[in-house]
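Peer 1: Please read through the structure below; I'll follow up with questions.
Values quoted throughout were computed directly from the atomic coordinates according to the rules given, and no laboratory measurement underlies them. The structure presented is a predicted model; accordingly, all values stated were derived computationally and were not measured. Here the Cβ positions follow ideal geometry from the backbone for every residue, glycine too, while neighbour counts run over all protein chains shown.
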Number of protein chains: 2
Amino acid sequence: MFQLITQSGRARRGTFQTPHGEIQTPVFMNVGTQAAIKGALSARDLELIGTQVELSNTYHLHVRPGDRLIRDMGGLHKFMTWSGPILTDSGGFQVFSLAELRKIREEGVSFHSHVDGAKIFMGPEESMRIQSNLGSDIAMAFDECVKIPSPYDYVKRSCERTTRWLVRCKAALEAYNSESDAVNPGQMLWGINQGAVFHDLRIAHMEEIAALDLPGYAIGGLAVGETHQEMYDTIEAVEEHMPEDKPRYLMGVGTPGNIIESVARGIDFFDCVMPSRNGRHGHLFTRDGVINLNNRKYERDADPIDPQCDCPVCRRYSRSYIRHLLKAQEPLALRLMVMHNLYFYNELMRAIREALEQGSFAAFRAEFAEKLDRRI
Amino acid sequence: MFQLITQSGRARRGTFQTPHGEIQTPVFMNVGTQAAIKGALSARDLELIGTQVELSNTYHLHVRPGDRLIRDMGGLHKFMTWSGPILTDSGGFQVFSLAELRKIREEGVSFHSHVDGAKIFMGPEESMRIQSNLGSDIAMAFDECVKIPSPYDYVKRSCERTTRWLVRCKAALEAYNSESDAVNPGQMLWGINQGAVFHDLRIAHMEEIAALDLPGYAIGGLAVGETHQEMYDTIEAVEEHMPEDKPRYLMGVGTPGNIIESVARGIDFFDCVMPSRNGRHGHLFTRDGVINLNNRKYERDADPIDPQCDCPVCRRYSRSYIRHLLKAQEPLALRLMVMHNLYFYNELMRAIREALEQGSFAAFRAEFAEKLDRRI
């Protein structure tokens, strides 16, 4: 299902087949936590800004409106009217970062909903049931995302449990996919590598989960507080042990520079709330670096956010107008800023793919990896 | 500039020329207070939902971002990228409803900004200067919008002052339009009739301002607390005294039923925050009446908001999905609901115009005037 087109060092240009179409990699997935991109972007807007894959959150949708409701409405694609590929996370990250009063046992995790305090139990089977009801194309394994730093022994035992959970995820999703009324019977399971920044644990865990021959593998538990260098070192350590014929997904990363550097280390899939979250605060990506639209110098600036950008926002609106909307707390400001930032990320990935195809990725990396993250 | 195409009883079907294009009347103007429709609608969205005229607020734009800034950016059309007609109110209504610590004198009104408390003075000349800087197509006269109820003697004296202010508005706008760097030298001034619900004061004031031969006239100071019947009676009393060859604008009105009934009484222009404000709360107009999307019965409803509606929202999204967004406080909910409601109003006006052209307005009024306002 994953096909390599070309390589440049460890960087890979490929395609990946899903039940809802082919994905060109490297790719950035646009995060619509609650079945919508925060900032009033519609599914139509996603089409306009070149989104390839939409990512939604199992935990959030289970809590509200409920995965049974979405299943009854025909699944997440139909519910949000997005016909392209969808990846759902497993809920693991949110269970370990958002939920209150959680208790981990071998069976799974008990916790209280952050919306209404209701008691919820989620283990591998529950996570797969929910993701099966949502009908995403790529379901992520239910794992424990351990804090960094955590003691070596704790991380080791956690990885062992995450492997046992993965075996249960695989069996559960196979069973759900074979049900006659499965929403998306071609739904895939991807495994998630854990191990904090302990390279030996990362490698051992990766080898264990690679043996399960899943259609894709993620590196989880990074970008949670370690330094960029620790993150890159961990990727380099584990990447050699990831199957070459499967896509690799670095979860929750990152800045444009992080993405370019991680592509150079063999990563194919990315997701991050940064472009939408930073966008909502007026921090906007451009080909010259990051601008802060709150700055008074943009008050009478007739230029678009990024004069070199072809997005629907930059083709029409000025910095001056969008800054006014931001200061006046008009919701339209959020929408225009988030649209631009997501387009910028999608376009960044397109440029990376083009550079890989043309054999100019090294030059691209040298020109942009630092520049794009710079605040100007 | 105003041309009557046909009439049905007192109801009128016409066209009105502005520097930014021809308006088909009767028309509903879509309210973008701060140079944007509340609910994250863009100028592009306005095009998609059939908006003919955008309405912005002089007081709000003067306070933030400032009319000088908008002038420096080329005027309001360019600033918000809306190429159709724009009407600006005079600031009078906001000065009398929003501002704090106001003092009325013959020269104008002193008050404190609701944003930062700064002391502001606004009289006829200041209002015209601001509106000239914004460069709208239709500038409204600076008037006092008196409360209902108010004592007869106060209303009488207020109307006399509003007439004196109108004379000053006319002289001021003529002077500003003749400046070599006027943003929109074809900008028009419309007069505003006041007089609360005292028919003799309404009529006397209307006759005084009609004598100034302005290109349009509004009935102001209604829909501020009087009954619908008092409003209709006041329209009927004053309408006979409005020039037939000039458009008539009923400010701040109203429900679909109010609009149909007011068209039947000879009104051509309308504006109201109701479709956007009610839309943001999940109260949505349909051809069968008003639905409340908060209601649990829409939880699994796969129908669009209005199955008979062709708006971009109803063509794509279900009640179930939009209700989820509303409950999850996703800003996209506001946008989709406001888009639908504004499209509904624009489409209502199109249907009214068609009924007038086809001689079936009486039947249209009988079928829809009560039904569209009903909560179902």
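Peer 1: Starting from the Cα of B:Asp181, step 7 Å along the direction of its Cβ; do the same at A:Tyr152; then give the gap between the two resulting points in nm.
Peer 2: 7.3
Peer 1: Right, next: Would you mind working out the magnitude of the charge dipole of region B:181-306 relative to its Cα centre, with +1 at each Lys and Arg C-beta and -1 at each Asp and Glu C-beta, to the nearest 20 Debye?
Peer 2: On the way: 10 positive and 21 negative charges, 153 e Å.
Dipole magnitude for region B:181-306 comes out near 740 debye.
Peer 1: For chain B, which DSSP H helices look membrane-span-like by this rule: Cα extent along the axis of 24 Å or more and mean Kyte-Doolittle of at least -1.0? Please list the in-between numbers first.
Peer 2: Details: long enough: B:152-177 (37 Å, -0.78); B:331-357 (39 Å, 0.26).
In chain B, the long hydrophobic H runs are B:152-177, B:331-357.
Peer 1: If amide hydrogens are placed 1.01 Å from N in the peptide plane, which non-local residues have theirs closer than 5 Å to the one on A:Leu189?
Peer 2: The list, which skips near neighbours in sequence, is A:Ala139.
Peer 1: Points 7 angstrom from Cα along the Cβ direction at A:Val167 and B:Thr15: gap in nanometres?
Peer 2: According to this spin-label approximation, the distance is 7.9 nm.
Peer 1: I would also like to ask the following. Quick one: 3J(HN,Hα) in Hz for region A:104-112, Karplus 6.51/-1.76/1.60 with θ = phi - 60°, rounded, Gly and Pro as x.
Peer 2: Each residue's phi maps through the Karplus curve to give 9, 10, 4, 5, x, 10, 9, 7, 10 Hz.
Peer 1: Hey, another quick one. Considering only B:Ile120, B:Ile305, B:Ile37, give the residue with the highest GNM mean-square fluctuation for chain B, with springs between Cα atoms whenever their separation is below 10 Å.
Peer 2: B:Ile120
Peer 1: Among A:Lys156, A:Lys38, A:Lys297, which one shows the biggest mean-square fluctuation in a GNM of chain A, springs joining Cα atoms closer than 10 Å?
Peer 2: In the Gaussian network model the winner is A:Lys297.
Peer 1: For the rotation bringing B onto A, which B residue has its Cβ nearest the axis, and at how many Å?
Peer 2: Residue of B nearest the axis onto A, distance in Å: B:Ala40, 2.
Peer 1: To continue, here is another question. Using modelled backbone amide H atoms (1.01 Å from N, in-plane), which distant-in-sequence or interchain residues come within less than 5 Å of A:Val27's amide H?
Peer 2: It is A:Phe269, A:Phe270, by chain and number.
Peer 1: Still on this structure, I have one more. Can you compute the FRET efficiency between B:Thr227 and A:Phe121 using 1/(1 + (r/R0)^6), with r the Cβ-Cβ distance and R0 = 56 Å? Round to the nearest 0.05. Show your work: numbers first, answer last.
Peer 2: Numbers: r = 57 Å, r/R0 = 1.02.
With a Förster radius of 56 Å, E is 0.45.
Peer 1: Considering chain B as a Gaussian network with a 10 Å cut-off on Cα pairs, which listed residue, B:Asp288, B:Asp245, B:Asp153, attains the greatest mean-square fluctuation?
Peer 2: Result for chain B, Cα springs under 10 Å: B:Asp153 fluctuates most.
Peer 1: Using θ = phi - 60° and the Karplus curve 6.51 cos²θ - 1.76 cosθ + 1.60, what whole-Hz ³J(HN,Hα) does each residue of region B:116-121 get, with Gly and Pro shown as x?
Peer 2: Values per residue, Gly and Pro as x: 10, x, 4, 6, 10, 10 Hz.
Peer 1: Now for a separate question. What residues qualify as long-range amide H neighbours of A:Val290, i.e. H under 5 Å apart, gap of 5 or more or another chain, H built at 1.01 Å from N?
Peer 2: Long-range HN contacts for A:Val290: A:Arg374, A:Arg375, A:Ile376.
Peer 1: Further, regarding this structure: How much of the calculated P(r) for chain B lies past 38 Å, in percent of all Cα pairs? It would help to have the intermediate numbers written out before the result.
Peer 2: Details: 11242 of 70500 pairs.
Considering chain B, 16 percent of its Cα-Cα pairs are separated by more than 38 Å.
Peer 1: Towards the positive end of the charge dipole of region A:1-151, with charges on Cβ (+1 Lys, Arg; -1 Asp, Glu), say which of A:Ala40, A:Ala11, A:Phe121 has the farthest Cα.
Peer 2: The residue sitting farthest along the positive end of the dipole is A:Ala11.
Peer 1: So what's the gap between the Cα centers of region A:319-376 and region A:68-104, to the nearest angstrom?
Peer 2: 27
Peer 1: Mind checking which of B:Ile267, B:Thr51, B:Cys314 is farthest towards the positive end of chain B's charge dipole, using Cβ charges of +1 (Lys, Arg) and -1 (Asp, Glu) about the Cα centre?
Peer 2: Positive-most Cα among the choices belongs to B:Cys314.
Peer 1: Pop out the ³J(HN,Hα) list for region B:182-193 in order, Karplus 6.51 cos²θ - 1.76 cosθ + 1.60 with θ = phi - 60°, rounded to Hz; leave Gly and Pro as x.
Peer 2: Rounded to whole hertz, the list is 4, 5, 9, x, x, 4, 9, 10, 10, x, 10, 7.
Peer 1: How high is the relative contact order of chain A, in percent, with contacts defined as C-alpha pairs under 8 Å that are six or more residues apart?
Peer 2: Working: 758 pairs, mean separation 66.4, N = 376.
Computed value for chain A: 18 percent relative contact order.
Peer 1: To continue, here is another question. Set the bar at 25 Å for Cα to Cα. Now go through B:Lys147/B:Lys327; B:Lys170/B:Lys246; B:Lys103/B:Lys156; A:Lys147/A:Lys246 and name every pair that lies beyond it. Write down the numbers at each step before the final one.
Peer 2: Values: B:Lys147/B:Lys327 37 Å; B:Lys170/B:Lys246 17 Å; B:Lys103/B:Lys156 18 Å; A:Lys147/A:Lys246 27 Å.
Among B:Lys147/B:Lys327; B:Lys170/B:Lys246; B:Lys103/B:Lys156; A:Lys147/A:Lys246, the Cα-Cα distance tops 25 Å for B:Lys147/B:Lys327; A:Lys147/A:Lys246.
Peer 1: Now for a different question. Run through the other copies and list how far each one's label point is from that of A:Ser83, in nm with one decimal, shortest first; the point sits 7 Å from Cα along Cα-Cβ.
Peer 2: Nearest first, the other copies' label points are 2.9 nm away.
Peer 1: Restricting to DSSP H runs of at least four residues, report the calculated mean residue ellipticity at 222 nm for chain A, -39500 (n - 2.57) per run over all residues, nearest 500 deg cm²/dmol. Could you put the intermediate results ahead of the total?
Peer 2: Working: 14 runs with 149 residues, N = 376.
-12000 deg cm²/dmol, from helical runs alone.
Peer 1: In whole angstrom, note down how far apart the Cα centers of region B:232-304 and region B:1-49 are.
Peer 2: 14
Peer 1: Continuing with the same structure: Dipole magnitude of region A:327-367 about its Cα centre, charges +1 at Lys/Arg Cβ and -1 at Asp/Glu Cβ only, in debye to the nearest 20? Display every interim value, and only then the final one.
Peer 2: Values: 5 positive and 5 negative charges, 30 e Å.
Rounded to the nearest 20 debye, it is 140 debye.
Peer 1: Let me ask something else. Calculate, for A:Gln308 and A:Leu69, the FRET efficiency according to 1/(1 + (r/R0)^6) with r their C-beta to C-beta distance and R0 45 Å; round to the nearest 0.05. Show your work: numbers first, answer last.
Peer 2: Working: r = 43 Å, r/R0 = 0.96.
Working from the Cβ atoms, E equals 0.55.
Peer 1: Something else about it: Tell me which aspartates and glutamates have Cα within less than 20 Å of A:Lys371's Cα, excluding those fewer than 8 residues away on the same chain?
Peer 2: By straight Cα distance, A:Lys371 reaches A:Glu261, A:Asp288, A:Asp306, A:Asp310, A:Glu347, A:Glu354.
Peer 1: I would also like to ask the following. Report the paramagnetic label zone for A:Leu212: residues of region A:107-132 whose backbone N is under 18 Å from a point 7 Å from Cα along the Cα-to-Cβ axis.
Peer 2: A:107-109, A:122-132
Peer 1: Multiplying the sequence separation of B:Arg287 and B:Ser97 by 0.36 nm and subtracting their Cα-Cα distance, what value in nm do you get? Mind showing how you got there, number by number?
Peer 2: Numbers: separation 190, 0.36 × 190 = 68.40 nm, distance 3.32 nm.
In short, 65.1 nm is gained.
Peer 1: Estimate the FRET efficiency between A:His241 and A:Asn294 by the formula 1/(1 + (r/R0)^6), using the beta-carbon distance for r and 51 Å for R0, to the nearest 0.05.
Peer 2: Values: r = 45 Å, r/R0 = 0.87.
With R0 = 51 Å, the Cβ-Cβ based efficiency is 0.70.
Peer 1: State to the nearest 20 debye the size of the charge dipole of the protein assembly as shown about its Cα centre, where the only charges are +1 on K and R beta carbons and -1 on D and E beta carbons.
Peer 2: Working: 86 positive and 98 negative charges, 196 e Å.
Dipole magnitude for the protein assembly as shown comes out near 940 debye.
Peer 1: Give me a single rounded figure for B:73-82: the average over its residues of other chain Cβ atoms within 10 Å of their Cβ.
Peer 2: 3
Peer 1: Next question. How shielded is B:32-38 by partner chains, expressed as the average number of their Cβ atoms within 10 Å of its Cβ atoms?
Peer 2: Values: counts 2, 2, 7, 6, 10, 3, 4.
For this peptide, the per-residue mean of nearby foreign Cβ atoms is 5.
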